[in-house]
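Reading through the structure tokens given below for one structure.
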Amino acid sequence: MNDKYPYLAIGPVRFNLANDIPMLLSAIIIAALVIYLSRNPKLRPGGKQNVLEWLIDFIKGIVGGEMPGKSGSFFQLFAFTMFLFIFVMNQLGLFIDVNIGGVSWFHSPTASPLITMTLASTVLFLSHYYGVRNKGFLGYMKRYLNPMNLLEEFTNFMTLSLRLYGNIFAGEILIMLIRNMALSGVAPIFTFPFGFVAEMAWMGFSVFIGSIQAYIFVILGTVYTSHQVISE
């Protein structure tokens with residue numbers, strides 16, 4: 001995978017535009033989608049309203065299974081937003097590839113470990129913050145009298161971040177290899193049809209994988225948060 005990316009420097013801080021542009025586009029897509037689906041709500045939902053309500057009920061089921069009651073309802077909106085955000089980011093690099101002069105301007109943000117680690121850090125930071133709020137500092141620290149729980153926090157972070165990154169990165173790498181094989185064969189007229197069919201098949205499978213990974217991230221994030229928030 002091309003490792004040359006455009007950067008924007010603001011003082012000492014550098015922004016990777018190949019990550020930031022698709023992340024901004026993902027946020028715009030999600031905002032537009034939710035606004036569209038939620039316009040003119042009716043008591044008897046139909047069509048687009050059914051889609052939005054199904055998504056909401058789907059996330060409520062995930063969160064409610066681990067954090068019933070008020071604790072769960074508080075995190076439902078966060079889980080809903082995180083699911084849509086990760087789902088859209090997982091898919092973008094499959095359909096949009098912008099490479100200018102050997103510099104990649106666009107890929108799935110979740111194919112970058114920095115992005116997935118940031119998402120995992122956000123989930124775990126909030127879980128610890130609300131763990132202290134719900135249990136009090138002493139009640140929160142009681143969990144860490146067992147040293148194994150300290151190790152568990154590290155493994156939770158690695159599981160959340162690297163599972164997502166590895167699956168999306170591997171998917172984009174394979175698509176690139178299939179595309180290069182189709183276009184750079186000895187006889188492209190023969191290799192292109194095979195490469196095209198293989199790429200379409202893998203893209204369809206990657207959409208499924210991207211959906212599953214968004215689902216797994218939300219489930220694991222909810223489980224880890226419940227360990228902090230729910231009193232034992």
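Structure notes:
- Descending by average beta-carbon neighbour count within 10 Å, the peptides 83-91, 219-227 line up as 83-91, 219-227, the highest first.
- All Cα pairs of the chain, percent lying beyond 26 Å: 49 percent
- Overall size of segment 39-99 from C-alpha positions, given as principal axis extents largest first: 48, 30, 15 Å.
- Cβ crowding within 10 Å averaged over residues, with 123-133, 108-118 ranked highest first: 108-118, 123-133
- Across the options L92, A79, W54, the greatest Cα extent toward the positive end of the charge dipole of segment 20-126 (unit charges at beta carbon of Lys, Arg, Asp, Glu) belongs to W54.
- Contact order normalised by residue count of segment 102-232, Cα under 8 Å, 6+ apart, percent: 39 percent
- Kirkwood Rh in Å, taken over segment 110-173 so that all alpha-carbon pairs contribute: 12.9 Å
- Nearest-0.05 FRET efficiency for F205 and N50, computed from C-beta distance (R0 22 Å): 0.20
- Ligands, DNA and RNA are left out, and with a 1.4 angstrom probe the accessible area of segment 114-156 is 63 Å² per residue.
- Alpha carbon centroid spacing (whole Å) that separates segment 101-147 from segment 1-79: 17 Å
- Ranked by the mean number of other Cβ atoms within 10 Å of their residues, highest first, the peptides 37-47, 195-205 come out as 195-205, 37-47.
- Taking only protein heavy atoms and a 1.4 Å probe, the accessible area of segment 1-147 is 67% carbon and sulfur.
- Helical runs assigned H by DSSP (4 residues or longer) give the chain a calculated mean residue ellipticity at 222 nm of -27500 deg cm²/dmol, each run adding -39500 (n - 2.57) before division by the residue total.
The values are calculated or read from the model by the stated rules, or taken from the named source; none is laboratory data. Worth saying up front: this structure is predicted, and the values here are computed from it rather than measured. Neighbour counts run over all protein chains shown; Cβ positions are idealised from the backbone, glycine included. The area values use the complete protein model at the heavy-atom level, side chains included, leaving out ligands, DNA and RNA. Shrake-Rupley method; radii C 1.70, N 1.55, O 1.52, S 1.80 Å.
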